[in-house]
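Down below is the structure, laid out as structure tokens.
Every number in this text was worked out from the coordinates using simple rules, so none of it is lab data. Quantities reported herein were computed from a predicted structural model and do not represent experimental measurements. Every residue, glycine as well, gets a Cβ built from its backbone with ideal geometry; the counts of neighbours run over all protein chains shown.
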Amino acid sequence: MAAVHNEGFARPWNDGEFAALLAQTPVFGFAARREGEGGGPLSGFVLARLAAGEAEILTIAVAKSARRGGVGRRLMDAVLLRLHADRAEAVFLEVDERNAPALALYRRLGFREVGKRPGYYAERKGEPASTALVMRRDLR
């Protein structure tokens, strides 16, 4: 998971951070694998948390080699279906304001911007820290 996540984020998460997150009771997720023996390599995953009727997409990552192929959409569809089944009222996420493909996907899925967090995302080589857009989708 860490290797796929680190392809898309300036601040890498390590295996220990993922293990600690997955050990939390309200955290769940879905993974997508390429076809092949043993399920093939990981092409993407999404992690979410549900508490008191509100959910949060903690992270979603798609391997560079699998981007623009619908993996992110399928992962989001899976997590939204689970949240509907769990009777969540709303779901939130943060997205880098410079991530046009992700923003387009979230808007198509019915998310709307409800806030900003300036300087939330770590600096990338030669670029300043970027703003996170906080987005929400009502589920009920």
Stretchable slack from R68 to A31, in nm (0.36 nm times residue separation minus alpha-carbon distance): 11.7 nm
Linear extension gain, A51 paired with E127, 0.36 nm per residue minus alpha-carbon span: 23.8 nm
HN-Hα J in Hz across the range 2-10 - Karplus 6.51, -1.76, 1.60, θ = phi - 60°, x for Gly and Pro: 4, 4, 5, 4, 6, 5, x, 10, 5
Under 11 Å, Cβ to Cβ, from K116 - net charge with Lys/Arg +1 and Asp/Glu -1: -2
Rounded if a/c under 1.5, otherwise prolate or oblate - the range 33-140, Cα gyration tensor axes: oblate
R0 of 25 Å, Cβ-Cβ distance L21-Y120: FRET efficiency to nearest 0.05: 0.90
Surrounding net charge for A85, when Lys and Arg each add one and Asp and Glu each subtract one, Cβ distance under 15 Å: 0
Table column - 3J(HN,Hα) (Hz), the range 87-102, Karplus curve with 6.51, -1.76, 1.60, x for Gly and Pro: 6, 5, 8, 7, 9, 10, 7, 10, 9, 5, 4, 8, 8, 4, x, 5
Convex hull projection area averaged over all views, the range 96-140, Cα basis, nm²: 3.3
